[in-house]
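Shown next, in structure tokens, is the structure this report addresses.
The values are calculated or read from the model by the stated rules, or taken from the named source; none is laboratory data. All of these numbers come straight from a predicted model, not from anything done at the bench. All Cβ positions, glycine included, derive from the backbone under ideal geometry; neighbour counts span all protein chains shown.
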Amino acid sequence: MFALASNSQDWFSRKSEVPKVEKLAVVLDAAPPGHEEIRDKPKRRALAPELTPKAVIAAEARPKETVTTPVTKHPLATQPAPPAPTAEEWAFAGNYPLKNSKGYRYTWGKQVRSMMGTAVEGPDSGQVRFRIEIAPDGTLAKLETLWTTSSVAEQLARQAIGRIPPLPPTPTGKPLTFERTISFTPFATDWPPIYDDDCLPDPPVFTNPFAWDGKSPQVVHVEPEPIKKLDPQALEECRKQLPQNSIEAEIAREQRLQNQWGSSKLGK
């Protein structure tokens, strides 16, 4: 026991020698039957060649391809000529003297437009404004073009005026002078007039007090005369001869008011 005790320190410090085992890894490369010769080889990715400054400048200067969307042509708008005034309409126009023969002036314009044909959207459509003078017997005494937006429209209107059938005498038995715009477009319609206020006097015409042509002597501007009130009995007699407005005229008036003033309900 003393011998064991004396050698215990060496015994505990002694380590058993363990044989070292080297690690061995085995890799198997199994190929499908019949394809033993195929082996996966690493694929090399082709690298883009570096651009030289000249190549970069040429690439930037190359025009870029633009994709254009084909434009689809819409059908042109058209508006056929209105029917010519009837004999009843001319009979009314020849006997209505109020407002510088208002009925006669409208019927004359409708007669001209009915003889101009169909208006087609395009450069040939447009408007022309004339100053006309009708002799007391209904014949044309003077025709002057004030302005026009289409030479074709003016030519067609002048041809129609030259072929107008004989017209009735003017309502007042005097020469009738007025201005009239003929619209030869597919987007404009010459609506019938409203006769409700034809018995009321015309409002005063505004004149510029500073207007001067530079040639004629300057005169002091005269204030317009105040509007005279009609006698109630004369006003009642005048209203008896007013014709009834057509449905087309009422629709046109409501549309003009709507376009001018709008509606308070639409903004809410």
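Worth a mention:
- Some residue of segment 76-90 being surrounded by 15 or more Cβ atoms within 10 Å (Cβ to Cβ), in the same structural domain as GLU179 (by TED's automatic domain parsing), under 28 Å from the mean Cα position of the chain (by Cα) and modelled with pLDDT of 95 or more: no
- Extreme residue, farthest from LEU76 (Cα to Cα), among residues of segment 136-156 that are aliphatic (A, V, I, L, M) and surrounded by 12 or more Cβ atoms within 10 Å (Cβ to Cβ): ALA141
- Matching residues, segment 74-97, being free of Cβ contacts under 8 Å to residues at least 40 places away in the same chain and part of a loop (DSSP other than H, G, I, E, B): HIS74, PRO75, PRO80, ALA81, PRO83, ALA84, PRO85, THR86
- The numbered conditions (1) in the same structural domain as GLY109 (by TED's automatic domain parsing); (2) more than 27 Å from ARG253 (Cα to Cα) are all true for GLN218 except (1).
- With respect to the conditions (1) surrounded by fewer than 16 Cβ atoms within 10 Å (Cβ to Cβ); (2) closer than 27 Å to ARG256 by Cβ, THR185 lacks only one, and its number is (1).
- Test: THR107 is surrounded by 14 or more Cβ atoms within 10 Å (Cβ to Cβ) and in contact with an Asp or Glu (Cβ under 9 Å, 6 or more places away or on another chain): yes
- For segment 168-184, the condition holds for at least one residue, the condition being that it is closer than 30 Å to ASP124 by Cβ, in the same structural domain as PRO136 (by TED's automatic domain parsing), out of contact with any Gly (no Cβ under 7 Å at 6 or more places or on another chain) and of a type in the set (D, E, K, R).
- Segment 173-208: number of residues that are aliphatic (A, V, I, L, M), touching a strand residue (DSSP E or B) at 6+ places or on another chain (Cβ under 9 Å) and assigned to a loop (DSSP other than H, G, I, E, B): 1
- Residues (touching a Leu at 6+ places or on another chain (Cβ under 8 Å) and more than 16 Å from LEU76 (Cα to Cα)) located in segment 118-135: ARG129, PHE130, ARG131, ILE132, GLU133, ILE134
- Residues within segment 157-171 that are surrounded by 14 or more Cβ atoms within 10 Å (Cβ to Cβ) and not basic (Lys, Arg), tallied: 9
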